[in-house]
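Each remark here refers to the structure printed beneath this line.
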Amino acid sequence: MQPVNLSQVPAFYLQGAKRLTTEVGSQEGELPSVTAIVACSPRGQGQAEPRPSVKGKFLFLGDEKLPLKGVTYGPFGGDDEGAAELDPELVERDFGEMAANGLNAVRLYTVPPRWMLDTAARHGLRLMVGIPWEQHIAFLDDRRRRASIERRVAEAVRSCASHPAVLCFAIGNEIPASIVRWHGRRRIERFLHRLYRAAKAEDPEALVTYINYPSTEYLRLPFVDLVCFNVYLESRDRLEAYLARLQNLADERPLIMAEIGLDSRRHGHEKQAETIDWQIRLSGAAGCAGAFVFSWTDEWHRGGREIDDWDFGLTTRDRTPKPALAAASSAFAEVPFPLGMRCPRVSVVVCTYNGAATLADCLDGMQKLHYPDYEVIVVSDGSTDAVPQIASEYDVRLVETENRGLGSARNIGLRAATGEIVAYTDDDTRPDVDWLKYLAHTFTTTEYAAVGGPNPIPPYARGVEQCVSNAPGGPTHVLLTDRDAEHIPGCNMAFRKSALEAVGGFDPQFRIAGDDVDICWQLLDRGFKLGFNPGAVVWHRRRRRVRSYYKQQRGYGRAEAMLERKWPEKYSPAGHVSWGGRLYGNGSAQHRGGWRWRIYYGGWGTGLFQSIYGPRRGLLESLPLMPEWYLVILVLAALSAAGALWAPLLLALPLLGVAVAALLFDGALGGARAVFQGARRTQLRLRVLTAMLYFLQPIARLQGRLRYGLTPWRRRGPPGFRLPAPRRAALWSEHWHAVEDYLRGICESLKQEGSVVISGGDWDRWDLKVRGGSLGAAKLLVATEEHGDGRQLIRVAWWPSVTRAALGLGGVVAGLELVAFVGQAWSATTVLAAVALLLVLRVIYECAAAAAIIGRLLDRPGDSSAEALRELAPLNDH
């Protein structure tokens, strides 16, 4: 047997060695041989070193982050059960060389024998154990084969269960796209879930994954602990873009590149080394939890036959190192970022109001950040608890102010900041040690003015906190593309200081919430871009009591009302934001996907990148989560009750049932799709509580919105009335301007008066729409005539417009009135006629108010502050 260097032996084998000396015959005070320790160590028992665990986007050993620096190994010649013919001495040398080159993980394609697990443990290597089965055939068509596969997965996990060298179990690898298409993705997903449960039943603490690849990217496996992909892209830009896509598919779980690499036979040794270097570095910079280079050696087999026309190895078949080995070792040593990366000074601002309960944990995390140049500024916004005393125990700068609210506190932190970058977080967060590195890297390699990152709940969160994390209304990011953001949440956002100063900082009117949405819209409105980096993680605690959650959501409703007053054009007539991007994270974002999703297979199912696509969440899908849905239920209940006086109104009763059923279904779906940590025996209770939060959240939001004026019957803009009839105006200009300049001038002038102005889309025959309310508006069209020497005649037309909501309500009321009239229910007819009259009058009023806003502006263009309108003089008004 080869001698073993004890310096390479993990601590979990050396601990307790003195206790074992008498059992293996060593003299007192001497360490027994490693072989003896392994032999006497019961499987998975008495080991001090913790097992790998998932915490958000990364893997950990206890409290230490575990970045995977891996290589694949095999498959080699041998029987179908694995590497039975491998030479233990060869494996010993290979594993020793891997460890010497800085690798810490090995991916196997077969279940290893016990001696291989022990060998890996001696060298400090963690093994991703692949469990092979006949996935290349239509395995679901044979019931006995399905049962056999499930049994073999359980036996494989049982044979390695709790061994300290096991990183995770892979229950499958690249089920061919044609097989998935043959069976259908849902059947494959359900079967993989069965295999996952079988593995967990044998080793509940083990990590379990499935190795996917681009041709079946659409498989949705939310149950696996790790999201793993084999990706071979030889273009740096394409890999960087695809990693961003995979990170969004992974959401808040770790993403691991299970295979990357390049064939040196076709591309040469130097090209292989260069490509592997940037593949590893890109994976780290993209926030991946690790990567495995394919493969350790050129020697590998498929189906029992040696493959001799590809050379993907870091070493040759006789284990001679290639340049790629040194490149991989160097790249892995510096992930996630090179030692020489530019690190601009960062000012971290923590705003707190009576946050003593969680502030210490937040500041403790700040002290452990892996970043060379940063400061921490704690802004105490009138705190009356122990915040000052806690802050004094850490190396931070404390700024105390009167209680002026969150927006004001963020501005105070901005003024105190000395960094080029200003990063904001809350007092109930704890940053990942590399948080600032990911933010800084994004700022130094892009033009983004602001960058955000994910905010998963901490791994120690339990009970109500986990339910709140899965409930709607949490802090989520909204992405326009895989990297461009529309909104980044306030608990994890960073800005170029110059960009914040350019827009005047935060609006102090937002005292509790809404400041992050407002600042994002301000930046986007000024032409800046927002970005997102999935590696920039902060752990964010959620509310730990239902009452606190309800109060928070009520405050969010108030913030929505304030945002609608400032940004009315961002909101629909019903009072909801129409996001251009998609929402990510837990809560209502879990409802992404559904029966309307479609898969791009490519012609004859041959697409290399087969993705799943679907429309944004539509109105019908979103209704049950809208606060106003409860108003709909209330109206339907009132109509159903009125059915006792007039029977046809009982038709509202089934509609009431559908409305309530939709609410219950949405809550039940949210509870069923929730993801929880901890014991399965408590999950039923947590799912029920999560479903209840789905019912409570819209009520709380509705209360806050109604109290501060965000109602379906609201109207914005100055008062006025002008007969809502089509009108035209002609205006003369001695100086030429593009038509968009005139429209921009009109739009800005109307907005300054508090009016709601919507720009026409690519398919609209109107340019601007002025909203008079939720039922009526006025549309405006502009055309220019060129009269030489820069002179122009600008023709403006505007006309009333009735919204879809008004048409829908009118149709319902008219239908009921017709039924009442035919049934000679004269009392009901009279009441419905009055309701119809009130509805018509309201529509006329809102259309007239919108027409008056436009007419008043065009009648007196000289009063406008818009430069383009100062030169216009009215000629006539028809």
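Please work out the FRET efficiency for the pair Asp484 and Arg404, using the Cβ-Cβ distance as r and a Förster radius of 35 Å; give the result to the nearest 0.05.
That gives a FRET efficiency of 0.60.
Once you compute Rg and the Kirkwood Rh from C-alpha atoms, what is the Rg to Rh ratio for segment 657-697? Display every interim value, and only then the final one.
Numbers: Rg = 11.0 Å, Rh = 10.5 Å.
That ratio is 1.05, to two decimals.
On alpha carbon coordinates alone, what is the Rg over Rh value for segment 663-765, Rh being the Kirkwood radius?
On the way: Rg = 25.0 Å, Rh = 19.5 Å.
My calculation puts Rg/Rh at 1.28.
Can you give the three extents of the C-alpha atoms in segment 412-484 along their principal axes, from longest to shortest, in whole Å?
40, 32, 23
Take the Cα atoms of segment 758-803, find their three principal axes, and give me the spread along each one in whole Å, biggest first.
44, 19, 12
What accessible area per residue, rounded to a whole number of Å², is obtained for segment 220-338 using a probe radius of 1.4 Å?
36
How tilted is helix 804-822 with respect to the longest principal axis of the chain? Cα atoms for both, answer in degrees (0 to 90, nearest 10).
So the helix axis and the longest Cα principal axis differ by about 60 degrees.
Select from Gly355, Leu398, Pro323 the residue farthest towards the positive end of the dipole of segment 318-456; place +1 on Cβ of Lys and Arg, -1 on Cβ of Asp and Glu, and compute about the Cα centre.
Pro323
Placing unit charges on C-beta atoms (Lys and Arg positive, Asp and Glu negative, everything else neutral), compute the dipole magnitude of the chain about its Cα centre in debye, rounded to 20. Can you show the working numbers first?
Numbers: 103 positive and 97 negative charges, 702 e Å.
My answer is approximately 3380 debye.
Ordered by packing density, taken as the mean number of other Cβ atoms within 10 Å over each peptide's residues, highest first, how do 453-464, 660-671, 783-794 rank? Working shown, then result.
On the way: 453-464: 19.8, 660-671: 17.8, 783-794: 13.1.
Answer by packing, highest mean first, reads 453-464, 660-671, 783-794.
Can you give the alpha-carbon Rg of segment 710-857 over 2.2 N^0.38 Å, where N counts its residues?
Here the answer is 1.30, to two decimals.
Need the list of lysines near Lys497 for cross-linking: C-alpha distance under 27 angstrom, and skip anything on the same chain fewer than eight residues off.
Lys368, Lys437, Lys529, Lys566, Lys570
Which lysines, if any, have their Cα less than 19 Å from the Cα of Lys271, not counting same-chain residues under 8 positions apart?
The qualifying lysines are Lys322.
Which number do you get for Rg(Cα) / (2.2 N^0.38 Å) in segment 461-515?
On the way: Rg = 14.6 Å, N = 55, 2.2 N^0.38 = 10.1 Å.
Ratio of Rg to 2.2 N^0.38 Å for segment 461-515: 1.44.
Grab the beta carbon distance between Ala416 and Ile137, set R0 = 60 Å, and tell me the FRET efficiency rounded to 0.05. Provide the component values of the computation, followed by the final result.
Numbers: r = 65 Å, r/R0 = 1.09.
It comes to 0.35.
Which peptide among 541-548, 231-238 comes first, and what is the full order, when sorted by highest mean count of other Cβ atoms within 10 Å?
For the peptides 541-548, 231-238, the packing ranking is 541-548, 231-238.
Give me the angle, in degrees from 0 to 90, between the Cα long axis of helix 185-202 and the longest principal axis of the Cα atoms of the chain, rounded to the nearest 10.
Roughly 50 degrees between the two axes.
Starting from the Cα of Lys200, draw a straight line to each of the lysines and keep only those under 26 Å, dropping any in the same chain fewer than 8 residues away.
Leaving aside lysines fewer than 8 places away in the same chain, those within reach of Lys200 are Lys55, Lys57, Lys65, Lys69.
Determine the share of segment 132-186's accessible area contributed by carbon and sulfur atoms, expressed in whole percent, with a 1.4 angstrom probe. Kindly include the intermediate steps, with their values, before the conclusion.
Values: 1140 of 2420 Å².
Here carbon and sulfur together make up 47 percent of the probe-accessible area.
Give me the extension gain from Phe665 to Glu234: residue separation times 0.36 nm, minus the current Cα-Cα distance, reported in nm with one decimal.
150.5 nm
For segment 366-403, state which GluC sites (Glu not before Pro) are in a DSSP loop and have at most 12 other beta carbons lying within 10 Å of their beta carbon.
Glu393, Glu402
Just to be sure I understand the model, the point goes 7 Å from the Cα along the line to the Cβ. What's the resulting Trp763 to Ser330 distance in nm?
A separation of 5.4 nm, rounded to one decimal place.
Send over a whole-number figure in Å² for the accessible area per residue of segment 411-456, probe 1.4 Å.
Ligands and nucleic acids excluded, the figure is 25 Å² per residue.
For helix 143-160, what angle does its Cα long axis make with the longest principal axis of the chain, in degrees from 0 to 90 and rounded to 10?
With both axes taken from Cα atoms, the answer is about 60 degrees.
Taking the Cα-to-Cβ direction at Leu645 and at Arg158 and moving 7 Å from each Cα, how far apart do the two end points lie in nm?
7.2
For segment 309-362, state which trypsin sites (Lys or Arg not before Pro) are in a DSSP loop and have at most 11 other beta carbons lying within 10 Å of their beta carbon.
When the trypsin sites (Lys or Arg not before Pro) of segment 309-362 are filtered for loop state and at most 11 Cβ neighbours within 10 Å, Arg342 remain.
Describe numerically, in nm with one decimal, the distance between label points set 7 Å from Cα along Cα→Cβ at Lys566 and at Leu655.
Distance between label points: 3.8 nm.
Among the chymotrypsin sites (Phe, Trp or Tyr not before Pro) in segment 412-453, which ones are in a DSSP loop with at most 15 other Cβ atoms within 10 Å of the Cβ? Mind listing them?
none
Measure off, as a whole percent, the carbon and sulfur share of the 1.4 Å-probe accessible area of segment 402-557, all protein chains present.
Whole-percent figure for carbon plus sulfur exposure: 47.
The values are calculated or read from the model by the stated rules, or taken from the named source; none is laboratory data. These numbers were taken from a predicted model, which means no experiment stands behind them. Positions of Cβ are backbone-derived with ideal geometry, glycine not excepted, and every protein chain shown enters the neighbour counts. Heavy atoms of the whole protein, side chains included, go into the accessibility calculation; ligands, DNA and RNA do not. Shrake-Rupley method; radii C 1.70, N 1.55, O 1.52, S 1.80 Å.
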